[in-house]
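Here the structure comes first, spelled out in structure tokens, and everything after it is commentary.
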Amino acid sequence: MDKLDTLERDLMREIAAAGDLQTLEAARVSALGKKGRVTELMKTLGGLDPEARRAAGQALNALKDQIADAIEARKAALADSELDARLAQERIDVSLPARPFEVGRIHPISQTIEEMVAIFGEMGFSVAEGPHIEDDWHNFEALNIPAEHPARQEMDTFYLREAADGTRKVLRTHTSPVQIRTMQTQKPPLRIIVPGRTFRADYDATHSPMFHQLEGLVVDETTHMGHLKGTLVEFCRAIFGVDDLPVRFRPSYFPFTEPSAEVDIGCSRKGGELKIGAGGDWLEILGCGMVNPKVLENCGIDSSRYQGYAFGMGVERIAMLKYGIPDLRTFYESDLRWLRHYGFVPIEAPSLVRGL
Ligand code: 2NL
């Protein structure tokens, strides 16, 4: 029992004296470890007679618990003071400038499509989409574009490798095949717009092998050229934000519409600067017409009952005019400086969500 008192005093002193977690762990091992002093004493119990063994056993177990508790308490105290020391040392410098917060930009093509969709959306049009890879029928044949038409020649169209049956798929040269697919699968009345990528083998300051179109199609029983004119005049004024913008319909030809027209908007070109609005000059911005009855029939729509109009425009061209972008090729260069200049900060850009 004397020995136990001495051991207890020694161990408690060691624990109290441990100045860090490592020293404390060493003290624990030397007391309670496999060869620790308390453990070694436990092993001597077997040599005592039963009476003494019980008394010594109880005392030893009590000592073991006391030491273990003391170690835990010391451990907590050491951890606290370590944290206090770290907190005293580490400071937050509130005067440090905040980390730069980079916000991406919306590409002018995406922004322009968004604005077009919003304008036509308010007029009751829905958006339709379709595949970029098309077959000859959907891209040309159904649209009344004859085999000898220049658009079907190798020169203008990207053809895919010939299949085993001799047919060749194409990268769609316009978004019209989506209208064809819609007419095949849905019943009139139809009122859709089709924004999307299109592909033609052409490359200069105003042409890119990949570009964007937005086409529209309305088919109903009494839809006529007056609806076509009203819709497109309204669209031109809305997209350029000019209420009294002059709009002119000039007779033209497309195989898929009859009659067909090209639409010009008023502008002035004084001093080499282009200004959209009244000014005596004209700028072509889209094509349109009444859907050729042959096209309706090709899609299984009864042309003696239904008629409609269609239109198409290049998204890049509208974006260049609206946002003063001089070279079409820069749209696809992924130059971040260009994107920071011409792109739109999401929260500032007019969007569908807030009705432009
Ligand atoms: C242009 C002119 C146009 C159409 C596209 C169309 C589609 C079907 C039936 C009839 Cl499915 N027409 N599309 C009609 C007239 C003009 O585009 O200058 N595009 C850039």
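Just a few scattered comments:
- Each Cα pair under 8 Å and six or more residues apart adds its sequence gap; the mean of these over the residue count of the chain is a relative contact order of 16 percent.
- With a 1.4 Å probe rolled over the protein heavy atoms of all chains, the accessible area of LYS270, LYS294 falls in the order LYS270, LYS294, largest first.
- With R₀ fixed at 41 Å, the C-beta to C-beta distance from TRP282 to ALA164 puts the FRET efficiency at about 0.20.
- Couplings 3J(HN,Hα) of segment 324-329, computed from phi: x, 9, x, 10, 4, 4 Hz, in residue order, whole Hz [Karplus 6.51 cos²θ - 1.76 cosθ + 1.60, θ = phi - 60°; x for Gly and Pro].
- In the chain, the C-alpha radius of gyration followed by the widest Cα-Cα span (Dmax) gives 41.0, 123 angstrom.
- Heavy-atom accessible area with a 1.4 Å probe sorts HIS107, HIS224, largest first, into HIS224, HIS107.
- Spin-label model, ALA55 to THR330: label points 7 Å out along the Cα-to-beta-carbon direction sit 10.1 nm apart.
- Rounded accessible area of ASP243 (nearest 10 Å², 1.4 Å probe): 140
- For the pair segment 285-314 / segment 25-70, the C-alpha centres are spaced 99 Å from each other.
- Remark: segment 15-74 is approximated by an ellipsoid whose semi-axes, taken from the C-alpha gyration tensor as √(5λ), come to 26, 12, 6 Å, largest first.
- Where a label projected 7 Å from the Cα of THR206 along Cα→Cβ would reach, residues of segment 308-340 with amide N under 17 Å: 313-331
- Cα gyration tensor shape of segment 1-124, rounded if a/c is under 1.5, else prolate or oblate by comparing a/b with b/c: prolate
- Backbone N within segment 1-20 under 13 Å of label point (7 Å from ALA26 Cα along the Cβ vector): 14-15, 17-20
- Heavy-atom accessible area, probed at 1.4 angstrom with all protein chains present, ranks GLU25, GLU316, GLU258, GLU148 as GLU148, GLU258, GLU25, GLU316, highest first.
- Apolar share of the accessible surface for the chain: 53 percent from carbon plus sulfur atoms, 1.4 Å probe.
- Cβ-derived FRET efficiency at R0 45 Å, PHE101 paired with GLU148, nearest 0.05: 0.20
- Note on LYS3 and MET225: the extension gain reaches 68.6 nm, defined as 0.36 nm multiplied by sequence separation minus the Cα-Cα distance.
- Sorting 326-337, 43-54, 28-39 by average packing, meaning the other beta carbons within 10 Å per residue, from highest down gives 28-39, 326-337, 43-54.
- Anisotropy class of segment 165-300 from Cα gyration tensor, a/c 1.5 cut: oblate
- Surface accessible to a 1.4 Å probe, VAL94 within the full protein complex, Å²: 130
The values are calculated or read from the model by the stated rules, or taken from the named source; none is laboratory data. Since we're looking at a predicted model, the values are computed, not measured. We place every Cβ from the backbone using ideal geometry, glycine too, and count neighbours over all the protein chains shown. Just the protein is used for accessible areas: all its heavy atoms, side chains included, with ligands, DNA and RNA removed. Shrake-Rupley method; radii C 1.70, N 1.55, O 1.52, S 1.80 Å.
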